[in-house]
Amino acid sequence: MSGDDPHVHVVAKVPSDDAAVRNVLASAFGLAGDLPGVVTTGCGLCVPYAAASARPDRVTCLPCREHARREHLRFADEVERLSGMPGSAISPAQGRSASAHHRDLARRFSEA
(Lines give C-alpha, C1' and ligand atoms only; values in the text may rest on other atoms or scores of the structure.)
Protein backbone atom coordinates (compact mmCIF):
# COMPACT_ATOMS: atom_id res chain seq x y z
CA MET A 1 0.00 0.00 0.00
CA SER A 2 1.07 3.52 -0.56
CA GLY A 3 3.09 4.57 2.51
CA ASP A 4 0.77 4.65 5.50
CA ASP A 5 -2.36 4.08 3.38
CA PRO A 6 -4.35 1.27 5.01
CA HIS A 7 -7.02 1.16 2.28
CA VAL A 8 -7.73 -1.32 -0.47
CA HIS A 9 -8.28 0.53 -3.73
CA VAL A 10 -9.77 -0.16 -7.15
CA VAL A 11 -7.77 0.06 -10.38
CA ALA A 12 -8.70 3.22 -12.31
CA LYS A 13 -9.52 1.24 -15.47
CA VAL A 14 -12.93 -0.29 -14.72
CA PRO A 15 -13.62 -2.98 -15.67
CA SER A 16 -9.99 -4.01 -15.28
CA ASP A 17 -9.08 -6.91 -17.52
CA ASP A 18 -5.34 -7.34 -16.96
CA ALA A 19 -5.68 -10.62 -15.07
CA ALA A 20 -8.33 -11.93 -17.49
CA VAL A 21 -6.14 -11.18 -20.51
CA ARG A 22 -3.18 -12.80 -18.78
CA ASN A 23 -5.24 -15.95 -18.10
CA VAL A 24 -6.43 -16.19 -21.73
CA LEU A 25 -2.89 -15.86 -23.05
CA ALA A 26 -1.62 -18.42 -20.57
CA SER A 27 -4.29 -20.97 -21.46
CA ALA A 28 -4.16 -20.39 -25.23
CA PHE A 29 -0.44 -20.04 -25.81
CA GLY A 30 1.29 -21.12 -22.62
CA LEU A 31 2.48 -17.54 -22.15
CA ALA A 32 2.06 -15.64 -18.93
CA GLY A 33 2.81 -11.94 -18.93
CA ASP A 34 3.70 -10.19 -15.72
CA LEU A 35 0.99 -8.30 -13.87
CA PRO A 36 1.91 -4.68 -13.14
CA GLY A 37 3.72 -4.03 -9.90
CA VAL A 38 2.03 -0.66 -9.39
CA VAL A 39 -1.37 0.54 -10.62
CA THR A 40 -3.16 3.87 -10.75
CA THR A 41 -6.32 3.78 -8.68
CA GLY A 42 -9.75 5.35 -8.99
CA CYS A 43 -8.78 7.95 -6.38
CA GLY A 44 -5.61 8.86 -8.30
CA LEU A 45 -3.01 7.17 -6.10
CA CYS A 46 -0.38 4.77 -7.39
CA VAL A 47 -0.37 1.67 -5.22
CA PRO A 48 1.03 -1.86 -5.45
CA TYR A 49 -1.18 -4.15 -7.55
CA ALA A 50 -1.73 -6.25 -4.41
CA ALA A 51 -3.38 -3.25 -2.69
CA ALA A 52 -6.16 -3.09 -5.31
CA SER A 53 -9.22 -5.24 -5.80
CA ALA A 54 -12.16 -5.40 -8.21
CA ARG A 55 -14.39 -6.93 -5.53
CA PRO A 56 -16.80 -4.47 -3.86
CA ASP A 57 -16.57 -6.29 -0.52
CA ARG A 58 -12.82 -5.70 -0.39
CA VAL A 59 -12.43 -2.07 -1.52
CA THR A 60 -12.22 0.26 1.49
CA CYS A 61 -11.24 3.55 -0.19
CA LEU A 62 -14.45 5.59 -0.52
CA PRO A 63 -13.34 7.66 -3.55
CA CYS A 64 -12.33 4.41 -5.29
CA ARG A 65 -15.73 2.88 -4.51
CA GLU A 66 -17.47 5.91 -6.05
CA HIS A 67 -15.19 5.75 -9.10
CA ALA A 68 -15.94 2.05 -9.58
CA ARG A 69 -19.68 2.67 -9.21
CA ARG A 70 -19.64 5.37 -11.90
CA GLU A 71 -17.45 3.34 -14.25
CA HIS A 72 -19.54 0.15 -13.93
CA LEU A 73 -22.69 2.17 -14.69
CA ARG A 74 -21.00 3.80 -17.68
CA PHE A 75 -19.78 0.43 -18.95
CA ALA A 76 -23.24 -1.13 -18.48
CA ASP A 77 -24.83 1.62 -20.58
CA GLU A 78 -22.16 1.29 -23.27
CA VAL A 79 -22.46 -2.52 -23.52
CA GLU A 80 -26.23 -2.35 -23.72
CA ARG A 81 -26.11 0.34 -26.41
CA LEU A 82 -23.44 -1.39 -28.50
CA SER A 83 -25.07 -4.84 -28.28
CA GLY A 84 -28.14 -3.44 -30.05
CA MET A 85 -26.16 -2.19 -33.04
CA PRO A 86 -26.13 -4.14 -36.33
CA GLY A 87 -23.09 -6.40 -36.58
CA SER A 88 -22.48 -6.47 -32.83
CA ALA A 89 -20.35 -9.37 -31.59
CA ILE A 90 -22.90 -9.98 -28.82
CA SER A 91 -26.66 -10.22 -28.99
CA PRO A 92 -28.99 -7.72 -27.32
CA ALA A 93 -29.88 -10.43 -24.76
CA GLN A 94 -26.18 -10.96 -23.95
CA GLY A 95 -25.75 -7.19 -23.71
CA ARG A 96 -28.65 -6.91 -21.27
CA SER A 97 -27.18 -9.73 -19.17
CA ALA A 98 -23.71 -8.13 -19.10
CA SER A 99 -25.26 -4.74 -18.34
CA ALA A 100 -27.27 -6.20 -15.47
CA HIS A 101 -24.07 -7.72 -14.03
CA HIS A 102 -22.25 -4.35 -14.14
CA ARG A 103 -25.22 -2.48 -12.71
CA ASP A 104 -25.25 -4.98 -9.85
CA LEU A 105 -21.53 -4.36 -9.28
CA ALA A 106 -22.22 -0.60 -9.29
CA ARG A 107 -24.95 -1.11 -6.69
CA ARG A 108 -22.59 -3.18 -4.54
CA PHE A 109 -19.88 -0.52 -4.75
CA SER A 110 -22.38 2.11 -3.53
CA GLU A 111 -23.21 0.09 -0.40
CA ALA A 112 -21.25 0.94 2.72
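The values are calculated or read from the model by the stated rules, or taken from the named source; none is laboratory data. Since we're looking at a predicted model, the values are computed, not measured. Glycine also receives a Cβ, built like all others from the backbone with ideal geometry; neighbour counts cover every protein chain displayed.
For first residues located in the range 86-112 and under 20 Å from R69 (Cβ atoms) and in contact (Cβ under 8 Å) with a residue 12 or more places away in the chain, partners that are among the aromatic types (F, W, Y) and surrounded by 14 or more Cβ atoms within 10 Å (Cβ to Cβ) and lie 6+ apart or on another chain with Cβ distances below 7 Å form the pairs H102/F75.
Conditions tested, residue by residue: (1) at pLDDT 95 or above; (2) surrounded by 13 or more Cβ atoms within 10 Å (Cβ to Cβ); (3) outside any loop (DSSP other than H, G, I, E, B); (4) of a type in the set (K, R).
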position	(1), (2), (3), (4)
D4	no, no, no, no
P15	no, yes, no, no
V24	no, no, yes, no
T40	no, yes, yes, no
R65	yes, yes, yes, yes
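Please determine whether any residue of the range 77-100 is over 17 Å from K13 (Cβ atoms) and buried (at least 20 other Cβ atoms within 10 Å of the Cβ). Taking every residue of the range 77-100 in turn, at least one turns out to be over 17 Å from K13 (Cβ atoms) and buried (at least 20 other Cβ atoms within 10 Å of the Cβ).
As a summary of the residue check, D104 satisfies the conditions (1) part of a helix (DSSP H, G or I); (2) crowded, with 18+ Cβ neighbours inside 10 Å; (3) under 14 Å from the mean Cα position of the chain (by Cα) except for the one numbered (2).
Applying a threshold of 9 Å to beta carbon distances and a minimum spacing of six or more residues, or different chains, the list of pairs starting in the range 59-75 at a residue that is under 11 Å from V8 (Cβ atoms) and ending at one that is among the charged types (D, E, K, R) and part of a helix (DSSP H, G or I) reads V59/R65.
For residues in the range 42-54 being of a type outside the set (A, V, I, L, M) and either loosely packed, with under 11 Cβ neighbours inside 10 Å or farther than 15 Å from R65 by Cα (or both), which is modelled with the lowest pLDDT? By that ranking, first place goes to Y49.
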